[in-house]
Amino acid sequence: MSEALPVLAQVVSRTSSVLILINHIKTKPGVTYGRDWYTPGGSAPEYYSSVRLNVWASGAYQDKKTGRQIGHRVKVKLEKAKMSAPHAIGEYDLYYQAGVRKDNGLEVVPGIDIASSWAFVLIEEGVLTKSKQGHYINTETGEKVDEVEMLEQLRDPSSEFVKRARQAVYPKQFAKA
């Protein structure tokens, strides 16, 4: 890979393309000191890449009727970025097929659920907190909102919560007027 990546980089640059390499992590047994993992593709992509993301599933979602898995809660950590600050973490709900979630009865479609992403941003910014009973709590008013209702509000682009999340993520583009 260390000999092939410079050649690939030239071709990718010339064709204005993006090259995505997937390199999973395996664990070494019996390691006491140092890194206890390795990548079968070697370490060249790790050092040669412009952006490196670490993606892992943190939870699974099941369909209410069939009990089959319809998606995952996915965490993405920005390990390396040449153009921005590294070590940012984002969480997303990624659905593979349509269905009704078993835990809250919410209908989902395949893809990334943008509403849960906005909820994560609002929790990180301190606008919302999430209780163990499945409610979101507005930190300014103390008002409790059911999870399904909050996710429905966050799907509406003109919602006040979406506007606040956009201001937090894109402060220059969505500055307070």
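The values are calculated or read from the model by the stated rules, or taken from the named source; none is laboratory data. Quick caveat, the model's predicted, so the values are computed rather than measured. Counting neighbours? That spans all protein chains shown, and the Cβs are built from the backbone with ideal geometry, glycine included. Please note that ligands, DNA and RNA were not included when accessible areas were found on the heavy atoms of the full protein model with its side chains. Shrake-Rupley method; radii C 1.70, N 1.55, O 1.52, S 1.80 Å.
Checking every one of the trypsin sites (Lys or Arg not before Pro) in the stretch 55-85 against DSSP loop status and a limit of 14 other Cβ atoms within 10 Å picks out K65, R68, K82. Modelled spin labels at Y47 and A175, positioned 7 Å past Cα toward Cβ, are 4.3 nm from each other.
Tell me, what is the per residue accessible area of the chain in Å², probe radius 1.4 Å?
Per-residue value: 69 Å².
When the Cα centres of the stretch 144-168 and the stretch 67-95 are compared, how far apart do they sit, in Å? If we compute the Cα centre of each part, the gap is 20 Å.
The label-point distance for Q133 and A98, in a model that sets each label 7 Å from Cα toward Cβ, rounds to 3.4 nm. Note on the stretch 55-177: Lys pairs 8 or more places apart or on different chains, Cα atoms under 16 Å apart, count 6.
Measuring nothing but protein heavy atoms, the accessible surface of the stretch 73-138 at 1.4 Å probe radius is 56 percent carbon and sulfur. For the chain, what is the mean residue ellipticity at 222 nm derived from helices alone (per DSSP H run of n ≥ 4: -39500 (n - 2.57); sum divided by total residues; nearest 500 deg cm²/dmol)? That calculation yields -7500 deg cm²/dmol at 222 nm. Among (1) 11, 35, 32, 17, 5, 1, 0; (2) 8, 26, 29, 23, 13, 2; (3) 8, 27, 24, 15, 10, 8, 6, 2, which is the computed P(r) over Cα pairs in 10 Å bins from 0, in percent? The listed entry that was calculated here is (2).
Work out which GluC sites (Glu not before Pro) in the chain are exposed loop sites (DSSP not H, G, I, E or B, at most 10 other Cβ within 10 Å) and give the longest gap free of them. Show your work: numbers first, answer last.
Details: sites that count: E3, E140, E143.
Result, exposed sites excluded: 4-139.
Summing charges over all other residues whose Cβ lies under 12 Å from the Cβ of T129, with Lys and Arg as +1 and Asp and Glu as -1, gives -1.
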